[in-house]
Each structure stands twice: as structure tokens, then as C-alpha cells.
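Student: Below you will find the structure I want to go over with you.
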Amino acid sequence: MKDSRAVFSAAQINIMTQTIEAAARPATAAAPAKKPSLVGLTRAAIGDALRAVEVPERDIRMRTGQLWHWIYFHGARDFGRMSSVARPLQTRLADAYTLARPCVAAEQVSSDGTRKWLIRLDPVDARDRGAEIECVYIPESDRGTLCVSSQVGCTLTCSFCHTGTQKLVRNLTAPEIVRQLVVARDMIGDFPGMTPPTNGLLPSGEGVRAVSNIVFMGMGEPLYNVDNVADAIDVLADGEGLSLSRRRITVSTSGVVPEIPPLGGRTGAMLAISLHAVRDELRDTLVPLNKKYPIRDLIDACRNYPGLSNARRVTFEYVMLKGVNDSPAEARELVRLLKGVPAKINLIPFNPWPGAKFECSDWETIEKFSDIVFNAGDASPVRTPRGRDILAACGQLKSETEKVRARARMMGE
């Protein structure tokens with residue numbers, strides 16, 4: 001295969017360079033607070049926090065509901081502004097806890113309105129210097145989708161995915177997952193009374209929230225952190241707080257087969273599968289997890305996904321790689337493979353990243369592939385790449401700051 005390294009314009013390189021340099025500088029936010037934050041906690045955990053400040057058991061449910069409303073509906077940052085909470089309790093809460101969010105170390109805004117945030121997490125122990133994750137906000141005219149991470153790094157090594165070149169550091173906790181949405185709503189003014197930023201595209205219209213959809217398609221494999229993902233979805237979908245519809249929350253997996261049916265039963269979330277090949281020998285290379293859970297087992301698990309119907313279809317993601325998986329024969333085999341499964345097939349033009357060994361299929365090839373699938377009766381939209389100029393498109397999430405800092409340390413020695 002010929003050299004397929006990504007080629008970027010001078011403007012794109014300038015954008016990336018400026019943002020990487022900004023991310024490498026020390027964050028301007030204050031050091032993480034020693035007191036724990038209540039933001040991101042489940043109802044049960046907030047109840048435990050109230051017990052710790054000696055709220056009577058008879059009042060726990062009521063007080064939990066009050067805090068829940070202020071934290072997740074209003075996006076409160078100060079206990080003193082919680083007008084329905086008695087002043088003495090406000091004081092006890094402020095003495096023991098915070099409403100802090102993680103630090104946004106860097107922000108990039110694409111020419112198409114996509115925003116990527118590098119989020120610095122609080123250390124989890126004395127050895128942890130504070131891990132970093134990326135999440136992406138994608139606005140459209142009638143919705144806004146937030147792509148969240150479930151792990152720091154990734155345990156998988158999918159050959160076409162930039163994130164897969166990072167080693168797994170650790171799983172995210174449920175609060176750390178929830179806080180990505182809270183940070184996003186802070187950044188784009190999506191809590192009541194906030195003013196949205198003027199430098200970017202945001203959905204508009206009566207009843208339209210700036211963040212209306214969540215996709216677990218950021219850093220990490222969600223089903224290798226399924227308990228924390230499920231707890232986070234319960235917080236995200238609670239109708240008295242952040243209030244995301246479970247049908248607007250999609251969990252994408254590379255195929256951790258044993259966890260797929262339990263995920264549906266536990267969360268009611270929509271399911272997406274990173275498929276990318278119709279033959280085991282090819283998928284073994286593109287998605288090495290396939291060696292453990294081959295295609296036949298993966299499709300059987302999808303057939304058994306709770307709530308599956310024509311109204312609740314499984315989304316199969318298929319990245320288009322030139323000369324690798326894009327032939328008409330593979331399109332026909334894809335149709336045969338998914339026969340009997342209520343499915344939508346997202347065809348994803350490959351998004352180049354520095355050092356990638358693949359090229360994107362020609363547009364004519366993608367259209368022919370899509371026509372074969374569509375004419376067989378399956379929906380086969382071609383996903384429009386978003387945020388390419390800031391490396392925020394599908395498969396591109398990977399922080400460059402560690403390399404920049406390592407280079408700076410070497411120069412300083």
C-alpha cells in the first residue's frame with residue numbers, strides 16, 4: 001500500500017499547533033479541591049453525602065430531590081444559591097463538599113461548529129497526577145450530540161482508530177462520565193439562565209436543548225466499564241435533572257458480546273456496533289477483539305438485545321477503507337449478514353490522522369456501496385465527517401498533550 005499519511009493544510013496545522021501548545025501550558029483553573037464534589041453522583045450517593053452531614057433519615061429523600069434539582073436541572077455551582085435549602089444545611093454542605101467540575105484544559109472550535117474539549121480529571125490517589133480525556137460536541141440544526149468517553153485511553157487496538165494507539169490508563173467513574181455533560185452544558189450555556197457563546201453554531205427552536213443526544217463513542221470501550229456506564233446513564237436519563245431520553249443515549253461497542261444483552265436490560269439505551277468488516281479474517285485485523293468474539297456471535301447478541309424493534313434499531317458502524325472493505329461483494333455480504341436484524345448501517349468515510357496506514361474510499365465507491373445496502377431495504381446513510389480540522393471526527397480522539405509535555409521535558413534536561 002502506498003504512503004497514506006494524512007495531509008493537512010497550513011491553516012489546519014496552525015490550529016492544531018496552537019491548541020496543543022495551549023494544552024501543554026499549566027491549566028488556569030485552581031488545583032482540584034480536597035473536598036469531594038457532589039456533581040455527577042447518583043441519588044443514592046447524594047443520600048449518603050447528606051447522611052454524612054447529619055441530615056435526619058426522614059428528610060433524606062426530600063433533601064436528595066432538592067439537591068438533585070439544583071445540581072442537574074439548574075447547574076448550580078454554589079450551595080448558597082439553593083433557595084429551597086435551609087441556610088444551616090447550605091453551610092454544612094459547603095463545609096463538607098463542593099459543586100466543582102473538572103478543569104477544561106483546552107478547547108478547539110471547528111469551522112463546522114464542532115467543539116472538542118480536553119478535560120483534566122481530579123487525581124484519584126496520591127500517584128495520580130490527573131488524567132485527561134476528550135469529549136466532542138456536534139451541533140446540528142435540530143439537535144446537539146455530545147460524544148463522551150468511558151475510559152482514559154483504550155483497552156482495544158483497532159488498527160484504523162487514533163484513540164486505539166493510546167494505552168488504557170483506567171476506567172472512568174460514573175461521576176466522571178456524567179461531569180462531561182455538565183461541563184458541556186456549562187461551556188455552551190445550556191443550563192437555565194445561561195447565555196450561549198456567540199462563536200459557534202448551536203441548535204435552536206422551541207424546546208430544543210443544545211445537548212439533546214449522548215453517544216458513548218469517545219475514548220474507551222464502554223462495555224469494559226459497563227457498571228459505571230450504566231450508573232451514569234441513570235443520572236443522565238433522570239427526568240428531574242439532566243433529563244436525556246434513553247432513546248437518545250447510544251452506547252457503541254466494538255463487540256464485547258457477553259455484556260450486550262445485559263446492557264439493554266439494565267439501561268434501555270440504544271446500541272451501536274463498530275462492525276467495519278463482514279469476514280472474520282479481516283475483522284480480526286481491523287478490530288482484534290473479533291478474535292475473542294467473532295462476527296456470528298456478535299450478530300446473535302444483537303438479535304437478543306432487549307427492546308429491539310423497527311423503532312429501536314441497532315446501528316452498525318462501517319468505516320470505509322479504500323481497497324480494504326469497500327467492494328460491492330462486501331456490501332452484498334453485509335446485507336446478508338444483517339438479515340432479520342432491525343438495523344441502520346452508518347457508512348463512515350475514514351478520517352485520516354497522522355501516521356494512519358489507511359485511506360478513505362473514493363466517494364463513488366462509497367455511493368455504490370450505499371446503494372447496494374439501501375436497495376436491499378436497509379437504511380444506509382453516509383455520516384458527514386465533522387470536526388476534521390481539529391481531529392475531533394470519528395476515530396480521531398487522542399490527546400497530543402502528553403507528547404508535547406514529554407518533548408518539553410526532554411528539551412529542559
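The values are calculated or read from the model by the stated rules, or taken from the named source; none is laboratory data. This one's a predicted model, so the numbers in the text were calculated from it and none came from an experiment. Cβ atoms come from the backbone with ideal geometry, glycine included; neighbour counts cover every protein chain shown.
Student: If we scan the range 324-332, do we find a residue that is farther than 15 Å from Val251 by Cα and in a strand (DSSP E or B)?
Tutor: no
Student: Among Arg296, Arg283, Arg279, which is the only one that is crowded, with 18+ Cβ neighbours inside 10 Å and either out of contact with any Ser or Thr (no Cβ under 8 Å at 6 or more places or on another chain) or of a type outside the set (A, V, I, L, M) (or both)?
Tutor: Arg283
Student: Further, regarding this structure: Only helices (runs of 4 or more DSSP H) wholly contained in the range 39-146 count here; list those with 1 or more residues that are polar (S, T, N, Q), out of contact with any Phe, Trp or Tyr (no Cβ under 7 Å at 6 or more places or on another chain) and free of Cβ contacts under 8 Å to residues at least 40 places away in the same chain.
Tutor: Ranges flagged: 60-68, 87-96.
Student: Let me ask something else about it. Please indicate, with yes or no, whether at least one residue in the range 283-296 is in contact with a strand residue (DSSP E or B) (Cβ under 9 Å, 6 or more places away or on another chain), free of Cβ contacts under 8 Å to residues at least 60 places away in the same chain and of a type in the set (A, V, I, L, M).
Tutor: no
Student: Is there a residue in the range 62-69 that is assigned by TED's automatic domain parsing to the domain that holds Leu121, among the β-branched types (Val, Ile, Thr) and either more than 30 Å from Leu321 (Cα to Cα) or modelled with pLDDT under 50 (or both)?
Tutor: The answer is no, given that none of the residues of the range 62-69 is assigned by TED's automatic domain parsing to the domain that holds Leu121, among the β-branched types (Val, Ile, Thr) and either more than 30 Å from Leu321 (Cα to Cα) or modelled with pLDDT under 50 (or both).
Student: Kindly indicate whether any position in the range 337-348 is more than 26 Å from the chain's Cα centre (by Cα) and β-branched (Val, Ile, Thr).
Tutor: Among the residues of the range 337-348, not one is more than 26 Å from the chain's Cα centre (by Cα) and β-branched (Val, Ile, Thr), which makes the answer no.
Student: Looking at the range 212-241 only, could you name the residues that are touching a Leu at 6+ places or on another chain (Cβ under 8 Å), assigned to a loop (DSSP other than H, G, I, E, B) and closer than 20 Å to Arg115 by Cα?
Tutor: Result: Ser212, Gly218, Met219, Gly220.
Student: For the subset of the range 328-345 comprising residues that are of a type outside the set (A, V, I, L, M, F, W, C) and either in contact with a Gly (Cβ under 9 Å, 6 or more places away or on another chain) or touching a residue at least 40 places away in the same chain (Cβ under 8 Å) (or both), which member is surrounded by the fewest Cβ atoms within 10 Å (Cβ to Cβ)?
Tutor: Pro328
Student: Has the range 173-180 got any residue that is modelled with pLDDT of 85 or more, surrounded by 21 or more Cβ atoms within 10 Å (Cβ to Cβ), touching a Cys at 6+ places or on another chain (Cβ under 9 Å) and not hydroxyl-bearing (Ser, Thr, Tyr)?
Tutor: Checked the range 173-180: at least one residue is modelled with pLDDT of 85 or more, surrounded by 21 or more Cβ atoms within 10 Å (Cβ to Cβ), touching a Cys at 6+ places or on another chain (Cβ under 9 Å) and not hydroxyl-bearing (Ser, Thr, Tyr).
Student: So, Ala301, is that one buried (at least 20 other Cβ atoms within 10 Å of the Cβ), assigned to a helix (DSSP H, G or I) and modelled with pLDDT of 95 or more or not?
Tutor: yes
Student: When you go through Phe358, Phe369, Phe374, Phe350 one by one, which is the residue that is modelled with pLDDT under 85, of a type in the set (Phe, Trp, Tyr) and either surrounded by 14 or more Cβ atoms within 10 Å (Cβ to Cβ) or closer than 27 Å to Glu140 by Cα (or both)?
Tutor: Going through Phe358, Phe369, Phe374, Phe350 in turn, the sole match is Phe358.
Student: Right, next: Would you mind stating whether Ser110 is closer than 23 Å to Ser243 by Cα, assigned by TED's automatic domain parsing to the domain that holds Leu242 and of a type in the set (Gly, Ala, Ser)?
Tutor: When the stated conditions are applied, Ser110 does not pass them.
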